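The structure under discussion appears below in the form of structure tokens.
Quick note: the coordinates plus some simple rules give every number you see, no bench work behind them. What you see is a predicted model, and the numbers here were worked out from it, not measured in a lab. Cβ sites come from the backbone with ideal geometry, for glycine too, and all protein chains shown count toward neighbours.
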Amino acid sequence: MSAKDDIFLKPQENLKAFEFNQQVVEVFPDMIERSVPGYKSIIEGIGQIAKQYVQENSQIYDLGCSLGAASFSIRQGVSVENSKIIAVDNSKAMVERCRLIQDGYKFSLPIEVMEADITQIPIRKASLVVLNFTLQFLPIAQRQTLLDTIYQGLEPGGALILSEKIQMAQPALNNKIIELHHRFKKHNGYSDMEIAQKRAALENVLIPESCEQHMARFKATGFSQYDTWFQHYNFVSFLAVK
Ligand code: GEK
């Protein structure tokens, strides 16, 4: 059990842009579960999808791994020869806590936790790449280049799982879905002020795109098959196969 997320509970006069710092690390599991509809199901699904796509003698990348929940789900279900997970995050606080958690468990699939910017690392011999709610934090201009790098590094038959908060293409419907998401957060114990302050802190930090934009990017990258495998309100997960 992680500590309860109360970061935006009190009114903040000088609201700063959201950062993945030590304060966030301390409450992260609680924060993500109470904020992202379907998070647990997606993590579980990633483990199941991994069983279908992870190959022997390959690498699995968990990009923007935070505390390594997706890696953990994959490690629990997959046992193949000579493969390993490379879990990457550019938040020092996240990486330190992730190492501590992952080192506490022994699975046949080893894990290497790296502190790095996911736009700066090579992707090699990959059978599975996971971007679980990470691409949305990159400037839009860098997103195609990252997908190209991932595609180049994937083995034939390898897969990319991309989970994102999305924006509906039609504004009226988009507003209704945002309202439903806010109700979901309220139901999970966040106050209106917490919801409003978090939203403001994420402005220009988390930049959502539409499903159509993600699909167009998969096509431009060259993926042979791609579609959604999960959606709850404006939270979607895609599977793309090389
Ligand atoms: C999970 N995948 O629990 N390079 C490396 N890491 C980055 C970068 C970057 N350029 N930009 C952001 N991050 C996780 C949840 S959280 C999603 C992912 C959320 C990292 C950032 O430090 C943070 O840990 C993560 O991406 C996003 O399955 O909190 O909404």
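Under the rule that an exposed site lies in a DSSP loop and has at most 16 other Cβ atoms within 10 Å, name the longest stretch of the chain with no chymotrypsin sites (Phe, Trp or Tyr not before Pro) of that kind, not counting the sites themselves.
Of all site-free stretches, the longest is 108-242.
If you take every DSSP beta bridge fully contained in region 122-242, what fraction is antiparallel? Give it as a percent rounded to 5.
About 65 percent, rounded to the nearest 5.
Express the Stokes-Einstein translational diffusion coefficient of region 103-163 in µm² s⁻¹, to the nearest whole number, given a Kirkwood radius over alpha-carbon pairs, 37 °C and a viscosity of 0.692 mPa s.
D = 253 µm²/s.
Please give the FRET efficiency for Glu112 paired with Thr145, using the beta carbon to beta carbon distance and R0 = 41 Å, rounded to the nearest 0.05. Before the final figure, lay out the partial values.
Working: r = 23 Å, r/R0 = 0.57.
So the FRET efficiency works out to roughly 0.95.
At 0.36 nm per residue, and after removing the present C-alpha to C-alpha distance, how many nm does the segment from Gln231 to Phe137 gain when stretched out fully?
Gain on extension, Gln231 to Phe137, equals 31.9 nm.
Would you mind getting me the FRET efficiency between Leu180 and Asn82? Use the beta-carbon distance for r and R0 = 45 Å, nearest 0.05.
Computed FRET efficiency for Leu180 and Asn82 comes out at 0.50.
Near the amide H of Phe235, under 5 Å away, which other amide H atoms are found, from residues 5 or more places off or on another chain, if H is placed in the peptide plane?
Close amide H contacts, sequence-distant or interchain: Ile166.
Find the Rg to Rh ratio for region 1-66, where Rh is the Kirkwood radius over alpha-carbon pairs and Rg uses the same atoms.
1.10
GluC sites (Glu not before Pro) within region 199-240: which are DSSP loop residues with at most 15 other Cβ atoms inside 10 Å?
Loop-located and lightly packed - Glu203.
If Rh is defined by the Kirkwood formula over all Cα pairs and Rg also comes from Cα, what ratio Rg/Rh do you get for the chain?
0.95
Calculate, for Tyr105 and Val205, the FRET efficiency according to 1/(1 + (r/R0)^6) with r their C-beta to C-beta distance and R0 41 Å; round to the nearest 0.05.
In this case the efficiency is close to 0.85.
For region 226-239, just list the computed ³J(HN,Hα) in residue order, Karplus coefficients 6.51, -1.76 and 1.60, θ = phi - 60°, integers in Hz, with x standing in for Gly and Pro.
7, 6, 7, 10, 7, 8, 9, 6, 9, 10, 10, 10, 10, 10
Assuming 0.36 nm per residue, please report the length gained on full extension of the stretch Glu44 to Asn14 beyond their Cα-Cα distance.
7.0 nm
Sorted from largest down, what three extents in whole angstroms do the Cα atoms of region 1-115 have along their principal axes?
53, 27, 22
According to a simple spin-label model (label point 7 Å from Cα along Cα-to-Cβ), what is the distance in nm between Gln120 and Leu173?
4.0 nm
Just to check I understand the Karplus step: with θ = phi - 60° and J = 6.51 cos²θ - 1.76 cosθ + 1.60, what whole-Hz values come out for region 7-23, glycine and proline as x?
4, 10, 5, 8, x, 10, 5, 10, 5, 8, 4, 5, 9, 8, 9, 4, 4
In sequence order, what are the phi-derived ³J(HN,Hα) couplings for region 198-215 according to the Karplus relation 6.51 cos²θ - 1.76 cosθ + 1.60 with θ = phi - 60°, rounded to whole Hz, with x for glycine and proline?
So the J values, rounded to whole Hz, are 5, 4, 5, 5, 8, 4, 6, 9, 9, 10, x, 10, 8, 4, 4, 5, 5, 4.
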